[in-house]
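First the structure, in the form of structure tokens, and then the observations on it.
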Amino acid sequence: MIGDSPLVQVAQRAVDLERAAAFYADLLGVPVAATFEPPGLAFLVLGDSRLLLERGAPSALLYFAVDDLDERVERLRASGVGIVSEPHTIFEHDDDALGPAGTVERMAFVLDSEGNTVALVEHGAG
């Protein structure tokens, strides 16, 4: 294992590698760690895991934690990103099994630069 998490890497389809790398670097606030041309790979390091953007990868539904869901969606909307689903409450955490107890889990879904749906997740006050 790289760190404490057994999840090493997830891959996402990228039709235009440079465009996708720029989108995810901006969305997540992390730099692109490495790009390999060929074969068409870009990596972003997210804690103990890596996000691999790859031309040959299938589309995946990725969920990213954010602290400012409403503000983030508005910023993305203003920059022309398609909003699939507005911020909404999914459920409240009664215990710590799936998230911090006493918080509300809210999500919004947006389209990335490649047409993949991406989820943004916020744990807020209950």
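The values are calculated or read from the model by the stated rules, or taken from the named source; none is laboratory data. Given the structure is predicted, the values throughout are model-derived calculations rather than measurements. Every residue, glycine as well, gets a Cβ built from its backbone with ideal geometry; the counts of neighbours run over all protein chains shown. Calculation scope for accessible area: heavy atoms of the full protein, side chains included, ligands and nucleic acids excluded. Shrake-Rupley method; radii C 1.70, N 1.55, O 1.52, S 1.80 Å.
Residues in the range 12-41 that are within 13 Å of D112 (Cβ to Cβ) and either among the aliphatic types (A, V, I, L, M) or open to solvent by less than 10 Å² (accessible area, probe 1.4 Å) (or both): Q12, A14, V15, L17, A20, A21, A22, Y24, A25, L27, L28.
Selection of the range 3-38 for residues being without any contact (Cβ under 8 Å) to a residue 12 or more places away in the chain and farther than 23 Å from G80 by Cα yields P6, A34, F36, P38.
Restricting attention to the range 84-111, the residues that are under 19 Å from A60 (Cβ atoms) and touching a Phe, Trp or Tyr at 6+ places or on another chain (Cβ under 8 Å) add up to 3.
With a cut-off of at least 3 residues that are touching an Asp or Glu at 6+ places or on another chain (Cβ under 8 Å) and open to solvent by 40 Å² or more (accessible area, probe 1.4 Å), name the strands (runs of 3 or more DSSP E) lying wholly within the range 55-118. Spell out how you get there, then give the answer.
Working: elements: 62-65, 83-92, 103-111.
Answer list for the range 55-118: 83-92.
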